[in-house]
Amino acid sequence: MKALKWVSTEPIKKQEKIGRNMPCWCGSGRKYKQCHEAFDRKIDRFAFMGHEVPTRDLLKMEEDVQKCRESARINMAALDAVAEAIRPGMNTLEIDKIVYDVTTKMGGIPAPLDYEGYPFSVCTSVNDQVCHGFPSEDVILKEGDIVNVDCSTILDGYFSDSSRMFMIGEVAPEVKRLVEVTLECVEIGVKAVKPWGFLGDMAEQVHKHAEANGYSVVKEIGGHGVGFEFHEEPWVSYVSNAGEDMLIVPGMMFTIEPMVNMGKADIYTNEDNGWEVHTKDGKPSAQWEYQIFVREDGVEVISH
Ligand code: MF3
Ligand code: CO
C-alpha cells in the first residue's frame, strides 16, 4: 500500500464502555464478563505501558474469517490462472484481463480497480519496479524478467490480498536468488508472528534475513491490516525491530509483503502517473505477499 503511516495508541478502555453483564462487543451474545473482558484488560495493560494496541473494530470474528477465506479463494484462483498463462512474449495487460475475468466470473470484484484512482485490476511490477506497476500492452515479458503480480479481491464486502513473483524463462542466478530469499523472508515473518508479541518481532526477522543475504528492505511502503477494508490499520513495517510497533492480538488480520531490493533501499515514484514505484539504482526488486490471520494458537495464512 502507499506510503502512509497511521497508528493507534487509543487504549481499548477509551472505547465504548460495556457493563460486565452486558452482551460482549464481539457479537457472541455472551455476557461481556464471560467473553472479552479479560482480553480487553490484557490489551489495556500493554497500552498503559505505552505500546500501540489495536482497536476492537479491527478484530475479525470466525464468521468474518470465513468470508475472507471465500474472498481469498477467488484471489488465489486468479493468481493460479496467471501462473498457468504467463510466458515470454506476453504483455502485462493480458495479465490484467486474466485477473479481471477470473475474479468477476467467480463473483468477486478486483479491489484495485478505481481504488484511489488506480486504473487497473491488478499490479504487475517488472524487474526494477518495486510495486504498483501498471499493466500495459507495451510491457512485453521477456526471458530473464521477474514480475510481481499483486492481486486483491472483494467478495461480499470482504477483502483478500496476496502477491507472487513469476520468473520468465531462464532468469540469472543472482536474480532467482533474490526472488527465493524474498519468499523466505515472508515465511520467516509468518513464523515470527505470535499473539501477544509485536509487529516489530516479525519485521526484525524479515529484514535480518534480507540483509544477511546482502539485500535491503524498502522503508516507505509497508503492509497493512486487511479484511473489512482493502487497507486498514495497522500500517506494517518490515524494517522495525523486536518489541516495536503494534501489539499483535488474536483476531488481527494483516499482510506480510516486504519489498526486497537487490541493491539500495531507495525508491522513487513515477511522477507522470503517481503510482509506479522503482528502485533508484535501477536494480531489481522482489515482493511476495501473504494475508494472515492471528489466532490464540497460531497463525492462519488466508491468501498467498
Ligand atoms: N495490492 C497492494 C497491496 O498489497 C495495493 C495496491 S493499491 C492499488 O497493498 F491501488 F494499486 F491496487
Ligand atoms: Co497488500
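Within 10 Å, Cβ to Cβ, of Lys31, how many net charges do the neighbouring residues add up to if Lys/Arg are +1 and Asp/Glu are -1?
Summing Lys and Arg as +1 and Asp and Glu as -1 gives +2.
Hey, what angle do you get for helix 199-212 against the long axis of the chain, alpha-carbon based, 0 to 90 degrees rounded to 10?
For helix 199-212, the angle is close to 30 degrees.
Grab the Cα-Cα distance for Phe48 and Val301, subtract it from 0.36 nm times how many residues apart they are, and report the gain in nm with one decimal.
So the extension gain works out to 88.0 nm.
How big is the C-alpha Rg of the chain next to the rule-of-thumb value 2.2 N^0.38 Å, as a ratio?
Compared with the compact-globule rule of thumb, the chain sits at 1.02.
Could you please tell me the mean projected area of the C-alpha convex hull for the range 136-243, averaged over all directions and given in square nanometres to one decimal?
Its average projected convex-hull area is 8.6 nm².
What ranking do 136-142, 203-209, 122-128 get when scored by the average of other Cβ atoms within 10 Å per residue, highest first?
Highest-to-lowest ranking by the protection proxy: 122-128, 203-209, 136-142.
Per-residue counts of other Cβ atoms within 10 Å, averaged by peptide: what ranking do you get for 152-158, 261-267, highest first?
Final packing ranking: 152-158, 261-267.
Would you tally the net charge around Ser121, using a Cβ to Cβ cut-off of less than 11 Å, leaving Ser121 out, and scoring K and R as +1, D and E as -1?
-3
Name the residue farthest towards the positive end of the dipole of the chain from the options Phe228, Ser162, Leu183, assuming +1 on Cβ of Lys and Arg, -1 on Cβ of Asp and Glu, about the Cα centre.
Of Phe228, Ser162, Leu183, it is Phe228.
Return one number: the angle in degrees, 0 to 90 and rounded to the nearest 10, between the long axis of the Cα atoms of helix 37-48 and the longest principal axis of the Cα atoms of the chain.
Result, in degrees: 70.
Given +1 on the Cβ of Lys and Arg, -1 on the Cβ of Asp and Glu, and no further charges, what dipole in debye does the range 127-185 carry about its Cα centre, rounded to the nearest 20?
That gives the range 127-185 a dipole magnitude of about 120 debye.
Farthest toward the dipole's positive end in the chain, which of Gly282, Phe120, Val53, given Cβ charges of +1 (Lys, Arg) and -1 (Asp, Glu) about the Cα centre?
Farthest along the dipole direction, towards plus: Val53.
About the Cα centre of the range 43-122, what is the dipole size in debye to 20, counting +1 per Lys and Arg Cβ and -1 per Asp and Glu Cβ, all else neutral?
Charge dipole, the range 43-122, about its Cα centre: 160 debye, nearest 20.
Kindly express, to the nearest 10 degrees and within the range 0 to 90, the angle between helix 173-192's C-alpha long axis and the longest C-alpha principal axis of the chain.
Helix 173-192 and the main axis of the chain meet at about 10 degrees.
Given all pairs of different Cα atoms, what value in angstroms does the Kirkwood hydrodynamic radius of the range 98-190 take?
Roughly 14.5 Å, rounded to one decimal.
How many nm separate the modelled label positions at Met106 and Glu37, each set 7 Å beyond the Cα in the direction of the Cβ?
Result: 4.3 nm between the two label points.
Place a +1 charge on the Cβ of each Lys and Arg in the chain and a -1 charge on the Cβ of each Asp and Glu, then give the dipole magnitude about the Cα centre in debye, rounded to the nearest 20.
1340 debye
Read the figures in this text as sums done on the coordinates, not as results from a lab. The structure presented is a predicted model; accordingly, all values stated were derived computationally and were not measured. Cβ atoms come from the backbone with ideal geometry, glycine included; neighbour counts cover every protein chain shown.
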